[in-house]
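K.L.:
This is the structure I have questions about; it appears just below.
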Amino acid sequence: MSKKTSINKITDLSLIGNGDCLALMKMLSDASVDLILTDPPYNLGLFMKKRGTNIKGMRDNHFAYAGWDDLEYKKWRTEMKKFLTECHRVLKKRGALLMFMSIIKVETIIELATNAGLYYKTVGIWHKTNPMPRNMNLHFINSTEPWLYFINDAATGTFNNNGKPIHDYVETSTISAIEHKIGGHPTQKPKSLLEHFVKILTNEGDTVLDPFMGSGSTGVVCEYTNRKFIGFELNNDYYKTAEDRIIKKI
Ligand SMILES: C[S@@+](CC[C@H](N)C(=O)[O-])C[C@H]1O[C@@H](n2cnc3c(N)ncnc32)[C@H](O)[C@@H]1O
């Protein structure tokens, strides 16, 4: 958690850093970001291990073995509080925070974000149309992930709906085999899902920050939608993948 590095310019639009996002965010100026679009670890590692879930058997590079996913609840809450306080500082007034999170953590995030100065707008759902039918004869198939939407220091911000109603759920398939081969991340989000939010919540030339960028999916979307991107990642292998993907726009 103490690793601190520089922030490197890798394309005309993108700056990325390999290290702890809390340390790296400190290097950003106040009120310099239009949108924070991010998919932090859901901190379900201990929860799943305590339930005896064979997560190691499910996948070798499973999310429960990544940073911030194995914390005791109190520690996770403290880290999230610091993170959301930094979000409030770096976001412009009327900038937005859109973050994915496990449904059992939604209430905590709303409380912490509101206390940090972010105005709560929406909890929405990402519905995966083709989830893995794991244990389908034992329980409901897990096919959804919530996302939370906040505005900084105001009640409204950029919302490019082009006069059309936009529902609080998004449906896409999970990442294709090709997209997964390129990113190789256990919790990689589809680019189409991230593009949906980037286009609604920002305009061309705006700055988007992803402090937990994983394989860099948000950065790739920013490159081809002409947004400036700042991304951080703790894990060196994922960081290198993100750098490669963002440079190649793949
Ligand atoms: C849920 S994944 C993001 C996946 C990403 N959306 C993608 O499409 O590839 C969260 C990422 O946050 C990283 N991470 C965990 N703790 C971190 C920290 N303190 N600072 C920066 N990155 C961190 C993990 O290594 C992991 O790659």
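K.L.:
Residues that are free of Cβ contacts under 8 Å to residues at least 60 places away in the same chain and more than 18 Å from the chain's Cα centre (by Cα): does region 188-202 have at least one?
P.N.:
No, every residue in region 188-202 fails to be free of Cβ contacts under 8 Å to residues at least 60 places away in the same chain and more than 18 Å from the chain's Cα centre (by Cα).
K.L.:
Regarding Asn160, is this residue over 16 Å from the mean Cα position of the chain (by Cα) and closer than 30 Å to Glu86 by Cβ?
P.N.:
Yes: the conditions hold for Asn160.
K.L.:
Could you list, ordered by first residue, the pairs with Cβ atoms under 7 Å in which the first is in region 175-187 and at negative phi and within 10 Å of the ligand (Cβ to nearest atom) and the second is assigned to a helix (DSSP H, G or I) and of a type in the set (Gly, Ala, Ser), at least 6 apart or interchain?
P.N.:
Every condition considered, the pairs that remain are Gly183/Ser217.
K.L.:
Mind checking which residues of region 190-219 are in contact with an Asp or Glu (Cβ under 6 Å, 6 or more places away or on another chain), closer than 26 Å to His167 by Cβ and more than 9 Å from the ligand (Cβ to nearest atom)?
P.N.:
Residues satisfying the conditions are Thr202, Asp206.
K.L.:
Taking strands (runs of 3 or more DSSP E) that fall entirely within region 1-109, which contain at least 1 residues that are charged (D, E, K, R) and either under 19 Å from the mean Cα position of the chain (by Cα) or at pLDDT below 95 (or both)?
P.N.:
The qualifying strands (runs of 3 or more DSSP E) are 33-38, 91-100.
Results for (1) closer than 21 Å to Thr241 by Cα; (2) small (Gly, Ala, Ser); (3) buried (at least 21 other Cβ atoms within 10 Å of the Cβ), shown as yes or no for each residue.
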position	(1), (2), (3)
Asn8	yes, no, no
Ser14	yes, yes, yes
Cys21	yes, no, yes
Leu24	yes, no, yes
Leu37	yes, no, yes
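K.L.:
Which of the helices (runs of 4 or more DSSP H) found entirely inside region 134-226 contain at least 3 residues meeting this: under 27 Å from Ser32 (Cα atoms) and out of contact with any helix residue (DSSP H, G or I) (no Cβ under 9 Å at 6 or more places or on another chain)?
P.N.:
Because the criterion is at least 3 residues that are under 27 Å from Ser32 (Cα atoms) and out of contact with any helix residue (DSSP H, G or I) (no Cβ under 9 Å at 6 or more places or on another chain), the helices (runs of 4 or more DSSP H) in region 134-226 that meet it are 191-201.
K.L.:
Hey, another quick one. Which of the residues that make up region 153-187 are over 30 Å from Thr241 (Cα atoms) and surrounded by 16 or more Cβ atoms within 10 Å (Cβ to Cβ)?
P.N.:
Once the filter is applied, which keeps residues that are over 30 Å from Thr241 (Cα atoms) and surrounded by 16 or more Cβ atoms within 10 Å (Cβ to Cβ), region 153-187 yields only Gly157.
K.L.:
I would also like to ask the following. Could you grab the pairs with beta carbons closer than 7 Å, sequence gap of 6+ or different chains, first residue in region 70-85 and closer than 22 Å to Leu118 by Cβ, second one among the small types (Gly, Ala, Ser)?
P.N.:
Short answer, once both residue conditions are applied: Leu84/Ala113; Leu84/Ala116; Thr85/Ala116.
K.L.:
A follow-up question, please. Of everything in region 135-152, what is buried (at least 19 other Cβ atoms within 10 Å of the Cβ) and of a type in the set (Phe, Trp, Tyr)? Give them in sequence order.
P.N.:
Those that are buried (at least 19 other Cβ atoms within 10 Å of the Cβ) and of a type in the set (Phe, Trp, Tyr): Trp147, Tyr149, Phe150.
K.L.:
Additional query: Out of curiosity, is Asn130 free of Cβ contacts under 8 Å to residues at least 12 places away in the same chain and under 30 Å from Asp237 (Cα atoms)?
P.N.:
No, not satisfied.
K.L.:
Tell me which of these Met213 doesn't satisfy, since it passes every other one: (1) of a type outside the set (D, E, K, R); (2) over 24 Å from Phe83 (Cβ atoms); (3) within 18 Å of the chain's Cα centre (by Cα).
P.N.:
So the condition that Met213 fails would be (2).
K.L.:
In contact with a Gly (Cβ under 6 Å, 6 or more places away or on another chain), modelled with pLDDT of 95 or more, outside any strand (DSSP E or B) and within 16 Å of the ligand (Cβ to nearest atom): is that true of Gly231 in this structure?
P.N.:
Here the answer is no, as Gly231 does not meet what is asked.
The values are calculated or read from the model by the stated rules, or taken from the named source; none is laboratory data. What you are looking at is a predicted structure, and each value in this text was computed from that prediction instead of being measured. A quick note on method: Cβ atoms are made from the backbone with ideal geometry, for glycine too, and the neighbour counts reach across all protein chains shown.
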